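**Student:** Below is the structure I would like to discuss, written out as structure tokens.
Please treat every number below as a calculation from the coordinates, not as lab data. None of the values given here were measured: they were computed from a predicted structure. Cβ sites come from the backbone with ideal geometry, for glycine too, and all protein chains shown count toward neighbours.
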Amino acid sequence: MSEGQNDGCCSCLKASDPKCLAIWIRAINFANGLCLMTAGVLSWIFISTFGRDSIVLALLASVYVTLFGAILAVYEMRLEATHICFIANMGFMFDWRGRTLFYIFSGSLCFGLGIWGIVMGSVTMANMLWNLFAICYNPHYSDMLKRDSKAQYERALKREAIRRNVAGDANTGAAKDEKNDGFENAEYAMDVAANAPPGVKKAAVDAAIGAAAGWTKRTDEGSGATYWVNDQTGEQTWEKPT
């Protein structure tokens, strides 16, 4: 490919609509997850073709590859019900650096699973490079990924904080006082945020603590300043509730 063609591809990627690009990349990543699952299942089916000395390692690798493929596929489906599970246990999936290491590790495991594993591993490595290429050459797409990650954290943590509050009220038969409510959710949020990428930890904690007392952070359209609204009482304040 000539230098002019390379420049044309890069320019086309830079000019691509970030939302449209995100849809295509999610679809490709989802297909990649299915490919990894296929490689793992095929290894189970043809496990007898591996040498006696390597059959145990091949079996373990096939289990992990199948599991990692399922994780990637489910993550790219963006199901609200699974967000809190990913945040609590696999926060690295919300950060492009964490996903890059995930692709490298998953693809490397595939290379020990026969010819189909080599093919699927090569596909995974190529997809990793494509993801990095899109992030590097389309800054609007990169910024959108960061905003979406923060938004997913906030929605998931708020849903979980509300669910825990409702469950606590149902179990005790009485509403918990606001001070205890905030403390318990702050403790929970800090535990969850320990697995969060650095760029979204503060947003994760703020969302959970705010949800505990019914407060939601919003942005004033005129000034761009941040203010807080209590969903239960309608109260508004420029100061962050404590």
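**Student:** Extension gain E221-R52, at 0.36 nm per residue separation less the Cα-Cα distance, in nm?
**Tutor:** Answer, rounded to one decimal: 54.2 nm.
**Student:** May I pose another question? What list of ³J(HN,Hα) couplings, whole Hz, do you get for the stretch 40-47 from phi and the Karplus terms 6.51, -1.76, 1.60, once you set θ to phi - 60° and write x for glycine and proline?
**Tutor:** x, 5, 4, 5, 4, 5, 10, 4
**Student:** I've got another one for you. Residue separation times 0.36 nm, minus the C-alpha to C-alpha distance between N89 and V74: what's the value? Numbers along the way, then the final one.
**Tutor:** Details: separation 15, 0.36 × 15 = 5.40 nm, distance 1.39 nm.
So the chain would gain 4.0 nm between N89 and V74.
**Student:** For the pair S122 and R147, what calculated FRET efficiency results from E = 1/(1 + (r/R0)^6), where r is the Cβ-Cβ distance and R0 = 35 Å, to the nearest 0.05?
**Tutor:** Efficiency, from the Cβ-Cβ distance: 0.60.
**Student:** Another one. Pop a pseudo-label 7 angstrom from the Cα along the beta-carbon direction at both T82 and K14 and give the gap in nm to one decimal.
**Tutor:** For T82 paired with K14, the spin-label model returns 3.6 nm.
**Student:** Size of the dipole of the stretch 1-158 about the Cα centre, Lys and Arg at +1 and Asp and Glu at -1 on the beta carbon, nothing else charged, in debye to 20?
**Tutor:** 340
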